[in-house]
Amino acid sequence: MKIRLISVLVSAALLAGAPVLAFAVGQTAAATTATASPSKLVLDNSTRVLTTLDARRAEFTADRAALQKFISAEFEQMFDSKYAAQLVLGRHGRGAADADVNRFAKALTSNLMGRYGSSLLDFNSRLKVRIKSETPLRGGAMVKVSSEFIRQGGDPIPVDYLMRKVGNDWKVFDVMVEGVSFVQTFRNQFDEPLSRKSINEISTDLEAGRLQPTAK
């Protein structure tokens, strides 16, 4: 269950949140409505996405292309894929052209969503997400939203979101499930292949499905 949850969270970032049952500790409805904080964005985006998935479940089950189009649009809106890709590339991305980094970012997210996106349809929409804290980082330019998934018949699963300000928007660039960072996980997985091949060659392998990173 947890490995699958990690995979879905990594491939769809905020798409695995909880709907109307989500709540923030120590916050009133009026306070959260008045403040567009990163925590509120996590909850609101999750609410919108899961409500849509529930309403269009039959359509998406029959038409996986429509599902992929939907989650791709949501992913692009909420996830800072280029910055995350730069972190995943690490030392291999130093001095790399923007076009190469952008291609790698798109290839990685498309690969993950193509393999894990359909699992979102199996998510129990009655899951609860508890926002535990919101911690400013780097003078407020970044923030960590700490949360936990409340499941029936199971222990809570800690899920943290690292977000940064991009223009006027807050976007996620890393997701940590039970303390395991997807950026660090993929950096470790790509280190050896990137020692042998260029970024563009790795992107080609991702696009062709010859390279399939796993969140574990």
Next on the checklist: For region 152-165, which positions are open to solvent by 50 Å² or more (accessible area, probe 1.4 Å) and not small (G, A, S)?
Outcome noted: Q152, D155, P156, P158, R164, K165
Next on the checklist: Tell me which helices (runs of 4 or more DSSP H) are completely within region 55-139 and hold 3 or more residues being among the hydrophobic types (A, V, I, L, M, F, W, C) and at positive phi, or say none if there are none.
Outcome noted: none
Item to check | Hits in region 76-91 (condition: closer than 15 Å to N200 by Cβ and either open to solvent by 40 Å² or more (accessible area, probe 1.4 Å) or without any contact (Cβ under 8 Å) to a residue 40 or more places away in the chain (or both)) | outcome: A85
Next on the checklist: Looking at region 183-211, I want the residues that are open to solvent by 50 Å² or more (accessible area, probe 1.4 Å) and have a partner that is among the small types (G, A, S) with Cβ atoms under 7 Å, at least 6 apart or on another chain. Which pairs are those?
Outcome noted: R187/G90; E207/A107
Checklist entry - Quick check: is even one residue across region 172-180 assigned to a helix (DSSP H, G or I) and either modelled with pLDDT of 95 or more or closer than 28 Å to D160 by Cβ (or both)? => result no
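The values are calculated or read from the model by the stated rules, or taken from the named source; none is laboratory data. The structure displayed is predicted, hence computed values, not measured ones. Because the Cβ atoms are built from the backbone with ideal geometry, glycine has one as well, and the counts that use them run over all protein chains shown. Please note that ligands, DNA and RNA were not included when accessible areas were found on the heavy atoms of the full protein model with its side chains. Shrake-Rupley method; radii C 1.70, N 1.55, O 1.52, S 1.80 Å.
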